[in-house]
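The values are calculated or read from the model by the stated rules, or taken from the named source; none is laboratory data. Everything quoted here is computed from the prediction, not taken from an experiment. When the accessible area is computed, the model is the full protein with side chains, heavy atoms only, and any ligands, DNA or RNA have been set aside. Shrake-Rupley method; radii C 1.70, N 1.55, O 1.52, S 1.80 Å.
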Amino acid sequence: MKALALFILLFVSVPIVSAQPVVVIVRHAEKAANGGNDPDLSSAGRARAEALARILKDSGITAIFTTEFKRTQETAAPTATSAHVTPTVLAAKDTTALVGKLHQLSGNALVVGRDDTIPNIIKALGIDRPINIPDEDYSELLIVTLGDKPQLFRLHYPL
């Protein structure tokens, strides 16, 4: 876990020097089995959200974007607290608005989305490689450097 955090810190620090914002994109953490269409996070999901905050604590996050769903907001909450950032809530399907805001960044951002919206976000950021997130996978950590030639770095983060 410490090695992963160090690697991410080094990866994120390099673009700060070159003034290229970095966007960290994750799927919401594990959701509770009950709660209908808008469930809270499960205990495993809360643990994953805390792990994400620990991983990103020194990454220079200056903006956080979530959807209107509780599980995305709850996933972002620990990182928002540690980074002292108020998340911006956007409609899950409004990729255009999100990408517009990401291209206006002067710092690094966290985006918490859903398995069905993340592939569109990645594509809209200029990454041609298709992304498929299986239903049972909550560990994806997608890092995109913005700029003339966006780059994608794909990791998995453990609980």
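A compact table of results
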{"item": "Rg over Rh, two decimals, segment 107-159 (C-alpha only, Kirkwood Rh)", "result": "0.94"}
{"item": "Hull volume in cubic angstrom per residue (convex hull over the Cα atoms of segment 32-77)", "result": "53"}
{"item": "Sequence-separation-based contact order of segment 8-159, relative, with Cα cut under 8 Å and 6+ spacing, percent", "result": "30"}
{"item": "Exceeding the 20 Å Cα-Cα cut-off - candidates 70/123; 57/123; 93/149; 31/57; 70/93", "result": "70/123; 57/123; 93/149; 31/57"}
{"item": "For segment 29-109, the spread of Cα positions along each principal axis, largest first, Å", "result": "38, 29, 14"}
{"item": "Average accessible area per residue (Å²) across the chain - probe 1.4 Å, nucleic acids and ligands excluded", "result": "49"}
{"item": "Percent accessible area from carbon and sulfur atoms, the chain, protein chains only, probe 1.4 Å", "result": "54"}
{"item": "Max mean-square fluctuation residue, GNM over the chain, Cα-Cα springs under 10 Å, options 130, 39, 78", "result": "130"}
{"item": "Mean Cα-pair separation over length for segment 91-159, i.e. relative contact order, pairs under 8 Å, 6 or more apart, %", "result": "24"}
{"item": "Angle between the chain longest axis and helix 2-17 axis [Cα atoms, degrees, rounded to 10]", "result": "40"}
{"item": "Degrees, to the nearest 10: 70-83 long Cα axis against longest axis of the chain", "result": "50"}
{"item": "Alpha-carbon centroids, segment 36-56 and segment 130-159: separation in whole Å", "result": "17"}
{"item": "For segment 82-142, alpha-carbon Rg and Dmax in angstrom", "result": "12.2, 34"}
{"item": "Semi-axis lengths (Å, descending) of the ellipsoid that matches the C-alpha gyration tensor of the chain", "result": "22, 18, 15"}
